[in-house]
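Data first, discussion second: the structure below is written as structure tokens.
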Amino acid sequence: SHPLAILGMGIYQNTVGESISLLTYMLYAVPVGLLIYIGMLIVLRVFFKPDMSKFESFDINKVLDEVKPMGLKEKITVTTFFTVVILWVLPGILNMLTPGSSIAAFLNKLGPTFPAIVAVVVLAVLEVENEPVLDLKVAFSKGMSWGVIFLVGAAVLLGGAVTKEGVGLNQFIVQNIVPITQSLPPFATVLVIVGLTSIMTNFTSNVTTITLMTSVGLSIAMGTQGLSPFGIALSTTLTGALAYMVP
């Protein structure tokens, strides 16, 4: 549900003219994310050896005892959230079971934001004890980071604009960078693109990195034999979100 994933998939769709379902992204990103997490734990354990003595007397049952049962508001919120997730992954599942499904095509046409918007409306309309499950006034004033929303919105527009044929970025990359990458094996080219994305995202905005590197990566992939634009977009989108090496 993170906007960075939606951003990367949106740039791919604007550039290539095809969509990536959230299920497809999850089939790639969840296993890779788990492997990265396991690798990080191993690095912490072997090289940094954090002091874990404070956890020796930690009692998880004390924490669980403090957790109150879900009320009706929480139950409605959780149900609505998972309904949105199901609607996000349903097109991918339907296309796997019945390729060319009309329902999947309809949901893909609606886009990933539509189920979320409907969920917000539902939560704002439903009331529990004469109060809405979601108070829009409070949510809009205190619960939303408008700076991030405008930044992501601008990045989606920018990502689509810089890859249009009239701008010339694709042609520039094909003429000047693709000849260099063609001398490299496809896997080495992927490592270069992902490596640059990883370095850049730790020193600058995730949104800027994914916008730029996905656009550049797609241009390189479309001009290089043996490179998959689909795979490049998945890789730059995931890597662009991994910004935890620098404070």
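Key figures
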item	result
Selection count, region 189-228, where residues are of a type outside the set (A, V, I, L, M) and over 19 Å from Ala155 (Cβ atoms)	7
Top-ranked residue in region 119-139 [being on the phi < 0 side of the Ramachandran plot and not in a helix (DSSP H, G or I); ranked as nearest to the chain's Cα centre (by Cα)]	Leu134
Failed item in (1) under 30 Å from Leu151 (Cα atoms); (2) part of a loop (DSSP other than H, G, I, E, B), with Phe58 passing the rest	(1)
Filter pass, Thr113 being hydroxyl-bearing (Ser, Thr, Tyr), at pLDDT below 90, within 19 Å of Val78 (Cα to Cα) and open to solvent by 40 Å² or more (accessible area, probe 1.4 Å)	yes
Among (1) touching a helix residue (DSSP H, G or I) at 6+ places or on another chain (Cβ under 9 Å); (2) under 21 Å from His2 (Cα atoms) - the single one Phe82 does not satisfy	(1)
Residue in region 201-215 that is in a helix (DSSP H, G or I), polar (S, T, N, Q), open to solvent by 40 Å² or more (accessible area, probe 1.4 Å) and at pLDDT 90 or above present	no
Residues that are among the polar types (S, T, N, Q) and part of a loop (DSSP other than H, G, I, E, B), drawn from region 220-242	Thr224, Gln225, Ser228
Test: residue in region 57-74 that is hydrophobic (A, V, I, L, M, F, W, C) and within 30 Å of Thr197 (Cβ to Cβ)	no
Meets criteria (modelled with pLDDT under 90, exposed (fewer than 14 other Cβ atoms within 10 Å of the Cβ) and basic (Lys, Arg)) for Lys62	yes
Some residue of region 64-72 being assigned to a helix (DSSP H, G or I) and of a type in the set (Val, Ile, Thr)	no
Subset of region 1-55 that is among the charged types (D, E, K, R) and part of a helix (DSSP H, G or I) - its residue that is surrounded by the fewest Cβ atoms within 10 Å (Cβ to Cβ)	Lys54
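Yes/no matrix, rows are residues, columns are (1) assigned to a helix (DSSP H, G or I); (2) modelled with pLDDT of 80 or more; (3) over 21 Å from Thr214 (Cβ atoms):
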site	(1), (2), (3)
Ser141	yes, yes, yes
Gly147	yes, yes, yes
Val152	yes, no, no
Ala161	yes, no, no
Val167	no, no, no
Leu184	no, yes, no
Val192	yes, yes, no
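The values are calculated or read from the model by the stated rules, or taken from the named source; none is laboratory data. Owing to the predicted nature of the structure, the values given are computational and were not obtained by experimental measurement. Methodologically, a virtual Cβ is constructed for each residue, glycine included, from the backbone with ideal geometry; neighbour enumeration extends over all protein chains shown. Heads up: the accessible areas ignore ligands, DNA and RNA and are worked out on the full protein's heavy atoms, side chains in. Shrake-Rupley method; radii C 1.70, N 1.55, O 1.52, S 1.80 Å.
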